[in-house]
C-alpha cells in the first residue's frame with residue numbers, strides 16, 4: 001500500500017498541499033484530477049518520494065519513503081514527470097534499457113524480456129534504433145514511458161501520460177496500463193481529461209486548492225456538483241458506463 005498520512009507540502013515556501021490522507025492499493029488504476037494549480041503534480045512527486053513533506057509522511061508497505069534507500073525506492077516506484085528530459089541523444093532501445101538500472105541485472109534474460117515487452121507495449125519496434133532527438137513529441141513520450149515500464153516497478157506514477165499521444169496510442173496505453181494493474185501493480189496517473197478518468201479509472205482523487213475535495217469511484221468523485229466546485233464550470237455527463245462524455249454548459 002502506498003499511503004500519505006496528514007501530508008502537507010510547501011514548494012518555494014508556498015503551501016501547495018494541505019493534510020492529504022490517501023491509501024492507494026495495488027491492482028487498481030487511480031486518477032488524480034483537479035484544475036490547474038490544484039496540486040496534482042506535487043502530490044504525485046510526493047508519492048514518488050521526490051519531495052520532502054512539510055508535515056506528515058508518505059509510506060510504502062508501512063515504510064517511510066524518506067528512510068528507504070534510493071535504489072530500493074527506484075525498484076518499487078517508476079515515476080514519469082510531465083516534462084521529462086533526456087540527457088543524452090541515445091537510441092530508443094538504449095533509453096528503454098535505462099529503466100533496468102535500479103535492478104543492476106546487466107540485462108539478463110528477465111531484464112531483456114522486460115525491455116522487449118515495454119518496447120512492444122508502447123509500439124516502438126520500428127523506432128528502436130532511432131535517436132531520441134529524431135522523435136516527435138508523442139514518440140518521445142512513449143519512449144520515456146517504456147523506460148518506466150521496463151523497470152517492472154510495483155507502482156507506476158505518471159504525470160499526464162496521454163497529453164502528447166494520438167487517439168490510437170492513448171487507447172493502446174490505457175489498455176496496457178489496465179493489464180499492468182490487473183497483473184498486480186499500482187497505477188497512479190495525473191489526468192486532465194475527466195472523461196478518461198471517468199471511463200477508465202478504478203478510483204479518482206480530486207484536488208482543489210491543495211486539499212482533497214473528493215476520493216472514490218469515478219461516478220462518486222466526478223459528479224456535476226464536484227466538477228462545479230473544483231473547476232468552476234457547470235457540466236453534465238451523457239452516455240453509459242465505460243463510454244461517458246462530459247458536456248460543459
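Just to verify a number: FRET efficiency for residue 123 and residue 11, C-beta to C-beta distance, R0 = 35 Å, to 0.05? Each step should come with its number before you reach the end.
On the way: r = 35 Å, r/R0 = 1.01.
Between residue 123 and residue 11 the formula returns 0.50.
Using a Gaussian network model on the chain with a 10 Å cutoff between Cα atoms, which of 219, 82, 129 fluctuates the most?
Answer for the Gaussian network model of the chain: 129.
Please determine, in degrees from 0 to 90 and to the nearest 10, the orientation of helix 167-182 with respect to the longest principal axis defined by the Cα atoms of the chain, where the helix direction is its Cα long axis.
Computed tilt is about 90 degrees.
What is the distance in Å between the Cα centres of segment 187-234 and segment 1-47?
Answer, in whole Å: 13.
Expected output is a single nm value to one decimal: the length gained when fully extending between residue 202 and residue 217, i.e. 0.36 nm times separation in residues minus the C-alpha distance. What is it?
4.8 nm
Counting other beta carbons within 10 Å of each Cβ, put 42, 110, 18 in order, fewest first. If you can, show how the numbers build up before the last one.
Numbers: 42 21, 110 12, 18 17.
With the fewest neighbours first, 42, 110, 18 line up as 110, 18, 42.
Run lengths n ≥ 4 of DSSP H only: what is the helix-derived mean residue ellipticity at 222 nm for the chain, with -39500 (n - 2.57) per run over all residues, to the nearest 500? It would help to have the intermediate numbers written out before the result.
Numbers: 9 runs with 83 residues, N = 249.
Only helices count here, giving -9500 deg cm²/dmol.
Arrange 132, 90, 188, 148 by Cβ neighbour counts within 10 Å, fewest through most, would you? List each step's numbers first, then the result.
On the way: 132 19, 90 16, 188 26, 148 22.
Fewest-to-most ranking of 132, 90, 188, 148: 90, 132, 148, 188.
PRE reach from residue 209 (point 7 Å along Cα→Cβ): which of segment 1-38 fall under 17 Å by backbone N?
Only 9, 14-20, 34-38 fall inside the zone, counting backbone N under 17 Å.
Enter the angle in degrees (range 0 to 90, nearest 10) between the Cα long axis of helix 137-150 and the first principal axis of the Cα atoms of the chain, meaning the one along which they spread out most.
80
With the chain treated as a Gaussian network of Cα nodes joined by springs under 10 Å, which of 147, 97, 72 yields the largest mean-square fluctuation?
In the Gaussian network model the winner is 72.
Please order 122, 76 by the number of other Cβ within 10 Å, starting at the fewest.
Values: 122 27, 76 20.
Exposure proxy ranking, most exposed first: 76, 122.
In whole percent, what relative contact order does segment 3-162 give with Cα contacts below 8 Å and a gap of six or more residues? Don't skip to the answer; put the middle values down first.
Working: 228 pairs, mean separation 40.4, N = 160.
Contact order relative to length: 25 percent.
Taking 25 Å as R0, compute the FRET efficiency from the Cβ-Cβ separation of residue 55 and residue 154 and round it to 0.05.
Working: r = 26 Å, r/R0 = 1.04.
E between residue 55 and residue 154, to the nearest 0.05, is 0.45.
If you count the DSSP beta bridges with both ends in the chain, what percent of them are antiparallel, to the nearest 5? Intermediate values should be presented prior to the final figure.
On the way: 24 of 42 bridges.
In the chain, DSSP labels about 55 percent of beta bridges as antiparallel.
Can you tell me how much longer the chain between residue 98 and residue 63 gets when fully stretched, taken as 0.36 nm per residue apart minus their C-alpha distance, in nm with one decimal?
Net length gain for the segment: 10.0 nm.
Using a Gaussian network model on the chain with a 10 Å cutoff between Cα atoms, which of 28, 130, 178 fluctuates the most?
130
Would you please state which residues of segment 191-205 a label at residue 136 would reach in this model, taking the label point 7 Å out along Cα→Cβ and a backbone N cut-off of under 20 Å?
Within reach of a label on residue 136: no residues.
We did not get these values from a lab; they are worked out from the coordinates using the rules stated. Nothing here was measured: the structure is a model prediction, and the numbers come from that model. Don't worry about glycine lacking a Cβ; one is built from the backbone with ideal geometry, like all the others, and counts go over all protein chains shown.
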